[in-house]
Amino acid sequence: MAFQIPRPMMTKEHGSWAVLLIPMALAIGRTGVWNSDSLVFIAAAFFAFLGYLPVQTLLRDRFGIPQGPTKMTAAKLWASLFVAASGSLTALLVLKGYVMLVAFGAFAVLSFLGNFFLMLRFQKSVASDLVGMAGLTLGAPALWYVQAGTIGAEALSLYVLSFLFFGCSVVYVHLKIRVVEMRRDDLSAREKLSAARLNIVYHLAVIAIVVALAVWQWTPAMTVIAFVPMTIHALYGTYKLSHRVRFKRLGFLLLAHSVLFAILLLIVPGK
């Protein structure tokens, strides 16, 4: 019997593509540099991202959550191919002198494992999503390093800004999920504030951190503007909390916010 190649395992969380791609787009826009090594790095990051779901499937089976023979066959094939492709391209860059990519790769692996074990223990949560996002947004400083050859304050601040912004989406979506599970449309103002406590505190803390980065001259003073649309959306969403949520529509709105964030961050005046 001929061997049938199983279909690639692809994540259904389309927003995670934005978390992967937008930080790298920001690095390209901020440095204004493009070379062949940049393309190699982007390909390596792309294959690593494609590999996370099949590797996660293998780990879930290993830790007592049976995945079924068909799914396991696909996971073994695509995990091998994607990890080999990403590892080979990364090794090529390391051999060319980009040795700091080893540290970036190690941090990304720790982020992946942290996300996996948190989901294994507590299921999907704000904490597990934020830990996973810490790895995905590494594309900003890592690509900056490949393009510029160094990692300075601006590269690190770009990582922090990317992580903080996408964290806004994580906290807001989990708020919506929690309210949907309550199945109530008559929440009082106090109940809304109680349910949205983390959402409110997180967004206000983000604004404070961005202002602090600007004061320390790690980022342009006008950077805070890039966070205003999402913050307004999240706070207004708290005021209008309801158990009726169209998650597909919400996903497109958050994607639009991500694109707007990138545009605003790239057009703000320099420090």
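Bear in mind that the values in this text are calculations on the coordinates, not laboratory data. Bear in mind that the values here come from a model prediction, so they are computed numbers and not experimental data. Please note: Cβ atoms are built from the backbone with ideal geometry, for glycine as well, and neighbour counts cover all protein chains shown.
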**Request:** Would you compute, from DSSP H runs of 4+ residues alone, the mean residue ellipticity of the chain at 222 nm, taking -39500 (n - 2.57) per run and dividing by the full residue count, rounded to the nearest 500?
**Result:** -25500 deg cm²/dmol
**Selection from Ala25, Leu120, Gly167 lying farthest towards where the dipole of the chain points positive, charges on Cβ** = Leu120
**Request:** Provide the three semi-axes, in whole Å and in decreasing order, of the ellipsoid equivalent to the chain as defined by the square roots of 5 times the Cα gyration tensor eigenvalues.
**Result:** 31, 28, 14
**Asked** How many nm separate the modelled label positions at Ile151 and Val180, each set 7 Å beyond the Cα in the direction of the Cβ?
**Response** 3.6 nm
**Item:** Size of electric dipole in the chain: Cβ of Lys, Arg +1 and of Asp, Glu -1, about Cα centre, debye, nearest 20
**Value:** 800 debye
**Complete:** The Cα radius of gyration of the range 152-271, divided by 2.2 N^0.38 Å with N its residue count, comes to 1.14
**Range of Cα positions in the range 1-152 per principal axis (Å), largest first** = 48, 41, 25
**Asked** Mind listing the phi-derived Karplus ³J(HN,Hα) values for the range 151-161, rounded to whole Hz, using 6.51, -1.76 and 1.60 with θ = phi - 60°, and x for any glycine or proline?
**Response** 10, x, 4, 5, 5, 5, 5, 5, 5, 4, 4
**Item:** Relative packing of 172-181, 20-29, 140-149, 208-217, which averages over residues the other C-beta atoms within 10 Å, highest first
**Value:** 140-149, 20-29, 172-181, 208-217
**Fill in**
Counting only backbone N atoms under 17 Å from a point 7 Å out along Cα-to-Cβ of Ile225, the residues of the range 30-72 in range are 30
